[in-house]
Amino acid sequence: MEKEKDKAAMVGHFREDREVVLKGTSQFLMKSSREGRMYQIFTYRPKEAQPAGGFPVIYVLDANSVFGTIVEAMRLQSKRPEKTGIVPAVIVGIGYPIDGAFSTDRYYDFTLPVDYSELPKKPDGGDWPPHGGAANFLNFIEEDLKPEIMSSININRGRQALLGHSLGGLFTLYTLFSNPQAFQTYIAGSPSIHWNKKWFSEEENHFLSRLGRDDRDISLFVGVGEFEKNHKSGMNENALELSNRLRTSTKGRLHVKFTEFEEENHVSVLPPLINKGLRFALRANGPV
């Protein structure tokens, strides 16, 4: 009994509380070369042996809020790819040097120029942050971030995915429409198509008109929460109609999957979206 008390006392005496760190992850600050905007970049590198062609990679937007979720989901499921169908992958999260989950800078990075009078009213009644930086943000990913990642990690350039949610889902679709070969798999969760419908329609038509000029196939997964159908923006209807248009118009060149997640809302949809998105992008035999 005395020995047990002494042991308990020693454990308490030497207790040291430390933050939990996700193994295999790191982070660094990076400035965009065109505008000098600062980003917090989060990376995860698998501990498994590197495939001959390099690791698949998923670039994730709003990384301050979802990086840990996607890393743990991928790490757990990729341990048995023969069972789960998910192979180990590099995760690159693009976030901001903030303590919170979301930065107002995302309104600029994920959107094209808008008529502010046509935007929905801001919940707090104030003015919306600046918009219109999507083209420069995509240039940052392509010109600055990707070369930096590829300089230190052997990436399979034929297995790159982009995942974004809400306005990040809108940016994911913008990337697909404006530079479809930037990634091979696009995962757009609850995309805010209503944010600039006129521009969106024009970009979609332009994309469809030039899709057949390249011989490489692309995959798109669009996911929304069931309870988002009550949103006044028509979130679910917009996403479903887009998926159907692209599925029928691209004649198999674009592989499209749409899912409405049962009993999920705009925020709670993130974990199932990530889980389904991983299976969509990281199948052992390549994207769906």
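Listed residues V90, V57; which is crowded, with 19+ Cβ neighbours inside 10 Å and within 30 Å of E202 (Cα to Cα)?
When all the criteria are applied, what remains is V57.
Answer yes if at least one residue in the stretch 146-157 is small (G, A, S), out of contact with any helix residue (DSSP H, G or I) (no Cβ under 6 Å at 6 or more places or on another chain) and at pLDDT 95 or above, and no otherwise.
Yes, the stretch 146-157 has at least one match.
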Select from the stretch 118-145 the residues that are modelled with pLDDT of 75 or more and small (G, A, S) and list them in ascending order.
-> G126, G132, G133, A134, A135
Going through the stretch 65-105 one residue at a time, which ones are closer than 21 Å to F55 by Cβ and polar (S, T, N, Q)?
-> T69, Q77, S78, T84
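For (1) small (G, A, S); (2) closer than 26 Å to N179 by Cβ, each residue gets a yes or a no:
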{"site": "W199", "(1), (2)": "no, yes"}
{"site": "S209", "(1), (2)": "yes, yes"}
{"site": "H231", "(1), (2)": "no, no"}
{"site": "G234", "(1), (2)": "yes, no"}
{"site": "L242", "(1), (2)": "no, yes"}
{"site": "R245", "(1), (2)": "no, yes"}
{"site": "N265", "(1), (2)": "no, no"}
{"site": "L273", "(1), (2)": "no, yes"}
Could you tell me which numbered condition N196 fails, if it satisfies all but one of (1) in contact with a Phe, Trp or Tyr (Cβ under 9 Å, 6 or more places away or on another chain); (2) over 17 Å from I274 (Cα atoms)?
-> (1)
Within the stretch 105-120, tally of residues that are among the hydroxyl-bearing types (S, T, Y) and either buried (at least 16 other Cβ atoms within 10 Å of the Cβ) or within 19 Å of F42 (Cβ to Cβ) (or both) = 3
Where a residue in the stretch 245-257 is in contact (Cβ under 8 Å) with a residue 12 or more places away in the chain and its partner, wherever it lies, is assigned to a loop (DSSP other than H, G, I, E, B) and buried (at least 16 other Cβ atoms within 10 Å of the Cβ), with Cβ under 8 Å and at least six apart = H255/P287; V256/T250
When you look at I187, is it modelled with pLDDT under 95, in contact with a strand residue (DSSP E or B) (Cβ under 7 Å, 6 or more places away or on another chain) and closer than 24 Å to V66 by Cβ, yes or no?
-> no
Of the residues T250, T259, which single one is in contact with a helix residue (DSSP H, G or I) (Cβ under 8 Å, 6 or more places away or on another chain), β-branched (V, I, T) and over 17 Å from L170 (Cα atoms)?
-> T250
Considering only helices (runs of 4 or more DSSP H) wholly within the stretch 131-215, the ones with at least 1 residues that are in contact (Cβ under 8 Å) with a residue 24 or more places away in the chain and acidic (D, E) are 146-152, 197-210
Of the residues that make up the stretch 99-116, is at least one touching a Leu at 6+ places or on another chain (Cβ under 8 Å), under 22 Å from F183 (Cα atoms), part of a loop (DSSP other than H, G, I, E, B) and at pLDDT 95 or above?
-> yes
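The values are calculated or read from the model by the stated rules, or taken from the named source; none is laboratory data. In this text the structure is predicted, and so the values were computed from the model without any measurement. A quick note on method: Cβ atoms are made from the backbone with ideal geometry, for glycine too, and the neighbour counts reach across all protein chains shown.
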